[in-house]
Amino acid sequence: MSSSTPGTTGKKTPGTTGKKAKAAPEAKAAPRKAPKAESHLAMVRRARRINRELAEVYPYAHPELDFRNPFELLVATVLSAQTTDLRVNQTTPALFAAYPTPEDMAAAVPEEMEEIIRPTGFFRAKTKSLLGLSAALRDEFGGEVPGRLEDLVKLPGVGRKTANVVLGNAFGVPGITVDTHFGRLVRRWKWTDEEDPVKVEAVVAGIFPKSEWTMLSHRVVFHGRRICHARKPACGACPIAPLCPSYGEGETDPEKARKLLKYEMGGYPGQRLSPPADYPGKPAPALGAG
């Protein structure tokens, strides 16, 4: 896997022989040639190589929500809208202690649930969704989370993104999760210029075999959270920089770029309080700790 920065060849710069070189006359800059258009086949090959290299960088990539069963993952994913996975993980222990099953949650007093999930933001709307989906699970699915996309998206507060998260990580059904990180990166990498998440999902699904969809989603999201940030990507510390057509949008100086790295890549805790055994970083702190 290459970690070199584009444009560096390792060759000695002409004129650096130890003697003081005479100042060369200033030359006019040559007109810049327009980059050659990339064929669809070349883009697909580059995209698949990015996925392979991300698999080497993040062999431990995983869903960053704590859960023990499909119901907990479904609830946590609904709560993750407009907040961080860390804040959700800090909130769900108390929520699942109070309402461990769909039947328990469906019978919850709304005001009491609102107080528990308040730290995740938009707590009134989220409470309404959780009460509704729990009642639907109780009444229509025997208290079990369904394992089909068409059933999941009918639940209150559950869209295609949430459904794919649950299917891929609780049922082993391949799915592409298009969140803000995923959409940003695939556009930076020129896999697509689509903005609509459903269209992005369809394009990316055509590039990769179905067996790769779930893990590809984790790898891309991991990379977006740790290195390829929205405002200031750490281009100079990016292991796939030679494959990125948007290299240079962020900090290219390696030392400065390393200071931008987040979570385990920067030596900090991750988002999960209970991460997988192979996670190389530190567990996140509980709510109110530290």
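The values are calculated or read from the model by the stated rules, or taken from the named source; none is laboratory data. Source: prediction; values computed, not measured. Counting neighbours? That spans all protein chains shown, and the Cβs are built from the backbone with ideal geometry, glycine included. SASA here: full protein model, heavy atoms, side chains in, ligands and nucleic acids out. Shrake-Rupley method; radii C 1.70, N 1.55, O 1.52, S 1.80 Å.
Of the numbered conditions (1) surrounded by fewer than 19 Cβ atoms within 10 Å (Cβ to Cβ); (2) in contact (Cβ under 8 Å) with a residue 24 or more places away in the chain; (3) in a helix (DSSP H, G or I), ARG45 fails exactly one; give the number of that condition.
Checking ARG45 against (1) surrounded by fewer than 19 Cβ atoms within 10 Å (Cβ to Cβ); (2) in contact (Cβ under 8 Å) with a residue 24 or more places away in the chain; (3) in a helix (DSSP H, G or I), the one that fails is (2).
Could you list, in sequence order, the residues of the range 234-277 that are closer than 24 Å to LEU86 by Cα and in contact (Cβ under 8 Å) with a residue 40 or more places away in the chain?
Selection gives GLY266, GLY270, GLN271, ARG272, LEU273, SER274, PRO275, PRO276.
Here are some residues: LEU155, LEU167. Which one is outside any helix (DSSP H, G or I) and either at pLDDT 95 or above or among the polar types (S, T, N, Q) (or both)?
On the way: LEU167 fails: outside any helix (DSSP H, G or I).
Result: LEU155 is the single residue among LEU155, LEU167 that is outside any helix (DSSP H, G or I) and either at pLDDT 95 or above or among the polar types (S, T, N, Q) (or both).
Please go through (1) over 28 Å from ARG226 (Cβ atoms); (2) aromatic (Phe, Trp, Tyr); (3) open to solvent by less than 20 Å² (accessible area, probe 1.4 Å) for PHE182 and return the number of the only condition it doesn't satisfy.
Single failed check for PHE182: (1).
Six or more apart or on different chains, Cβ under 6 Å: which pairs go from a residue in the range 55-75 that's farther than 12 Å from VAL165 by Cβ to one that's at pLDDT 95 or above and polar (S, T, N, Q)? Could you list them?
ASP66/ASN89; ASP66/SER274
Filter the range 224-241 for residues that are of a type in the set (D, E, K, R) and open to solvent by less than 60 Å² (accessible area, probe 1.4 Å) and give the result.
Taking the range 224-241 first, the residues of a type in the set (D, E, K, R) are 225-226, 231-232.
Residues satisfying the conditions are ARG225, ARG226.
Say we look at the range 55-70 and pick out the residues that are open to solvent by less than 20 Å² (accessible area, probe 1.4 Å) and out of contact with any Leu (no Cβ under 7 Å at 6 or more places or on another chain); which of these is nearest to LEU155 (Cα to Cα)?
GLU64
Could you say whether any residue in the range 229-241 is touching a Phe, Trp or Tyr at 6+ places or on another chain (Cβ under 9 Å) and part of a helix (DSSP H, G or I)?
Yes, the range 229-241 contains at least one residue that is touching a Phe, Trp or Tyr at 6+ places or on another chain (Cβ under 9 Å) and part of a helix (DSSP H, G or I).
Consider ARG148 carefully, then state whether it is more than 20 Å from ASP85 (Cα to Cα) and open to solvent by 40 Å² or more (accessible area, probe 1.4 Å).
Values: more than 20 Å from ASP85 (Cα to Cα): yes; open to solvent by 40 Å² or more (accessible area, probe 1.4 Å): yes.
So ARG148 passes the test.
Results for (1) of a type in the set (Gly, Ala, Ser); (2) within 17 Å of GLY168 (Cβ to Cβ), shown as yes or no for each residue.
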residue	(1), (2)
ASN69	no, yes
GLU72	no, yes
SER80	yes, yes
THR127	no, no
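The conditions are (1) touching a residue at least 60 places away in the same chain (Cβ under 8 Å); (2) within 15 Å of the chain's Cα centre (by Cα), and GLY224 fails exactly one of them. Which is it?
Of the numbered conditions (1) touching a residue at least 60 places away in the same chain (Cβ under 8 Å); (2) within 15 Å of the chain's Cα centre (by Cα), the odd one out for GLY224 is (1).
Scan the range 71-107 residue by residue and report those that are open to solvent by 40 Å² or more (accessible area, probe 1.4 Å) and either in contact with a strand residue (DSSP E or B) (Cβ under 7 Å, 6 or more places away or on another chain) or in a helix (DSSP H, G or I) (or both). Steps first, answer last, please.
Let us first name the residues in the range 71-107 that are open to solvent by 40 Å² or more (accessible area, probe 1.4 Å), namely 81-84, 86-87, 93-94, 97-98, 100-101, 103-104, 107.
Of everything in the range 71-107, those that are open to solvent by 40 Å² or more (accessible area, probe 1.4 Å) and either in contact with a strand residue (DSSP E or B) (Cβ under 7 Å, 6 or more places away or on another chain) or in a helix (DSSP H, G or I) (or both) turn out to be LEU86, ARG87, PRO93, ALA94, ALA97, ALA98, GLU103, ASP104.
Looking only at the range 242-271, count every residue that is touching a Pro at 6+ places or on another chain (Cβ under 9 Å), open to solvent by 60 Å² or more (accessible area, probe 1.4 Å) and not in a loop (DSSP other than H, G, I, E, B) and tell me the total.
Number of matching residues: 1.
Specify the residue that is farthest from THR84 (Cα to Cα); the eligible residues are those in the range 156-168 that are in contact (Cβ under 8 Å) with a residue 24 or more places away in the chain and open to solvent by less than 40 Å² (accessible area, probe 1.4 Å). Before you say what the answer is, go through the steps one by one.
Here is the first cut: in the range 156-168, the residues in contact (Cβ under 8 Å) with a residue 24 or more places away in the chain are 156-158, 160-162, 164-166, 168.
Then keep just the ones that are open to solvent by less than 40 Å² (accessible area, probe 1.4 Å); that gives 158, 162, 164-166, 168.
Values: VAL158: 18, THR162: 15, ASN164: 18, VAL165: 15, VAL166: 17, GLY168: 20 Å.
It comes out as GLY168.
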